[in-house]
Amino acid sequence: MKPFWEAKSLAEMTPGEWESLCDGCARCCLIKLEDDSGAVHHTSLSCDLLDRERCRCTRYPQRHELVEDCIRLSPDLAESLQWLPTSCAYRRVAEGRGLASWHPLVSGDLESVHDAGISVRGKTIPESWVHEEEQVAHIIDWVDTR
């Protein structure tokens, strides 16, 4: 029997399956800046709600009320958001690529995403530590692992 991420589309998944698909990289919790051309740039700044060691939101159930621009990821968005890393499980499944070997659902180990260097653990600072006009100085190029 195929695992659910191979047997179902994102839209067919149960809420529990959808949530378990998150690999825990926390790259979606990075502050992104859009320039005048519409290009989106990732920064080394993370949302203040991110537990930077665990790579999990500290207020997950309330995140959309507390953070105005916190993304509400959906199957449609997983297929269309070009700023989602190519390593993102939602994007990978939407594109028919399956999960990477380091994904916790494949490896059976929640630390595998961190061990593979995919997560933001140890690579960010909280957004509130930097003045808004200085955020552009924190634009970085994340290695985008397929």
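Computed quantities for the displayed model
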item: Residue check, Ile118 among the aliphatic types (A, V, I, L, M), touching a strand residue (DSSP E or B) at 6+ places or on another chain (Cβ under 7 Å) and either surrounded by fewer than 17 Cβ atoms within 10 Å (Cβ to Cβ) or at pLDDT below 95 (or both); result: no
item: Residue list for segment 50-61, filter: farther than 18 Å from Ala116 by Cβ, assigned to a loop (DSSP other than H, G, I, E, B) and touching a strand residue (DSSP E or B) at 6+ places or on another chain (Cβ under 9 Å); result: Thr58
item: Residue that is farthest from Thr124 (Cα to Cα) [pool: residues in segment 1-32 that are touching a residue at least 40 places away in the same chain (Cβ under 8 Å) and in contact with a helix residue (DSSP H, G or I) (Cβ under 6 Å, 6 or more places away or on another chain)]; result: Ala11
item: Residue list for segment 10-49, restricted to those being in a loop (DSSP other than H, G, I, E, B), within 21 Å of Pro104 (Cβ to Cβ) and either of a type in the set (D, E, K, R) or out of contact with any strand residue (DSSP E or B) (no Cβ under 8 Å at 6 or more places or on another chain) (or both); result: Met13, Thr14, Cys22, Asp23, Cys25
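The values are calculated or read from the model by the stated rules, or taken from the named source; none is laboratory data. Nothing here was measured: the structure is a model prediction, and the numbers come from that model. We place every Cβ from the backbone using ideal geometry, glycine too, and count neighbours over all the protein chains shown.
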